[in-house]
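The values are calculated or read from the model by the stated rules, or taken from the named source; none is laboratory data. Everything quoted here is computed from the prediction, not taken from an experiment. Cβ placement follows ideal geometry from the backbone for every residue including glycine, while neighbour counts extend to all protein chains displayed. Heavy atoms of the whole protein, side chains included, go into the accessibility calculation; ligands, DNA and RNA do not. Shrake-Rupley method; radii C 1.70, N 1.55, O 1.52, S 1.80 Å.
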Amino acid sequence: MTSPITGRTVVAGVAGRPVAHSLSPLIHNAWLAGAGIDGVYVAFAPAEDRFPAFVDACRGGAIRGLNVTIPFKEAALAAADVVSPRAETAGAANLIVFESDGRILADNTDGLGLLGALAAQAPGFDPAAGPAVVLGAGGAAKGAVAALLGAGAPEVWIVNRTVAKAQAIADAVGRGVIALPLDRAAEAFAGAGVVINATSAGLGGEPSLDTPLAATPETAVVMDMVYKPLVTPFLAEAQKLGRRTVDGLEMLIRQAVPSFEAFYGAPPPEAVDVRTLALKALGL
Ligand code: NDP
């Protein structure tokens, strides 16, 4: 049951455009109800050129904070007064908090979500045990590269349609990161401990990337950040090959955990099964 809104209700939300499809309100409001916290989580879709003004107007803590999604993650970072090292490394923020003194704090919890999803759905997988391959060179890929290196990956290969974008990340990060064009993916796949799709290909039933997953070792873990559909053609192919797979929904749920704590000051209640709720919302 939804709690009544009171004079003390803590307001947080997600900002994106489009945002109506976001599962974040479902996840956070289910946690709020389960924990009995007087809070609410809503979706905002500011006009693209009005995002900086929207965020500026929230200074002072009128609302507690925002998750930020496409296309505002870079703008959220630029609006912040204090930036966490992981948001700085990712070059994007998916979480901003409005302090009562007017400051905006920016963080990026996508990397934690990625590592949490790997730990949950590929138990025993050790990112430090072998090279990682990240497909894509956008904000999500940048965050993934930082998280994997932070977890001890000895090498990260970035494979992208526009190789210059992959090279730019490799140059910025430095040692241990190699950029390749998509048509040379097999070279990266051959020694991979994990392959992660951080492109938007496969989203909403569009065709997934046509990549040579059969070139990966049998022990490789294959993950897709796209969660609509839950089993993308990319993951379906990996499953057909017998690889262990990790889905984007688990990442979404796990990146939400530290956001919830930042907004409402308590961890989400473990007893609430938000994955089942999200699967139902996805029609599964
Ligand atoms: P960006 O728009 O910044 O980057 C998109 C990337 O996808 C680019 O590298 C682009 O290549 C590549 N790409 C897009 N379409 C194709 C295609 N048809 N063939 C080959 N490459 C393609 O997006 P983000 O990095 O912000 O997000 C990427 C994906 O990750 C999105 O689907 C997003 O929803 C998902 N995501 C999921 C999260 C979760 O919690 N599950 C968290 C964060 C993101 P190019 O450079 O050549 O244009």
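A count restricted to the stretch 110-146 and to residues that are out of contact with any strand residue (DSSP E or B) (no Cβ under 9 Å at 6 or more places or on another chain), part of a helix (DSSP H, G or I) and more than 16 Å from the ligand (Cβ to nearest atom) stands at 2.
Of the helices (runs of 4 or more DSSP H) that lie entirely inside the stretch 1-80, those containing 3 or more residues that are within 20 Å of TYR227 (Cα to Cα) and either free of Cβ contacts under 8 Å to residues at least 24 places away in the same chain or open to solvent by less than 50 Å² (accessible area, probe 1.4 Å) (or both) span 24-35. When the stretch 147-180 is filtered for residues that are open to solvent by 70 Å² or more (accessible area, probe 1.4 Å), outside any helix (DSSP H, G or I) and over 23 Å from ALA117 (Cα atoms), the ones remaining, listed by number, are ARG161, ARG175.
Scanning the stretch 228-258 for residues that are in contact with a strand residue (DSSP E or B) (Cβ under 6 Å, 6 or more places away or on another chain), closer than 23 Å to ASP126 by Cα and within 15 Å of the ligand (Cβ to nearest atom), which turns out most open to solvent (accessible area, probe 1.4 Å)?
Within the stretch 228-258, the first condition is being in contact with a strand residue (DSSP E or B) (Cβ under 6 Å, 6 or more places away or on another chain), and the residues that meet it are 232, 234-235, 238-239, 243-246, 248.
Applying the additional criterion that residues be closer than 23 Å to ASP126 by Cα yields 234-235, 238-239, 243-246, 248.
Add one more test, that the residue is within 15 Å of the ligand (Cβ to nearest atom), and what stays is 234-235, 245-246, 248.
Details: PHE234: 3, LEU235: 3, THR245: 30, VAL246: 0, GLY248: 2 Å².
Per the stated criteria, the residue is THR245.
Does ILE96 count as at pLDDT 95 or above, among the β-branched types (Val, Ile, Thr) and within 16 Å of the ligand (Cβ to nearest atom)? First the steps, then the outcome.
Values: at pLDDT 95 or above: yes; among the β-branched types (Val, Ile, Thr): yes; within 16 Å of the ligand (Cβ to nearest atom): yes.
Yes; evaluated as a whole, the condition is true for this residue.
Among residues of the stretch 82-113 being touching a residue at least 40 places away in the same chain (Cβ under 8 Å) and of a type in the set (Ser, Thr, Tyr), the one that is surrounded by the fewest Cβ atoms within 10 Å (Cβ to Cβ) is SER100.
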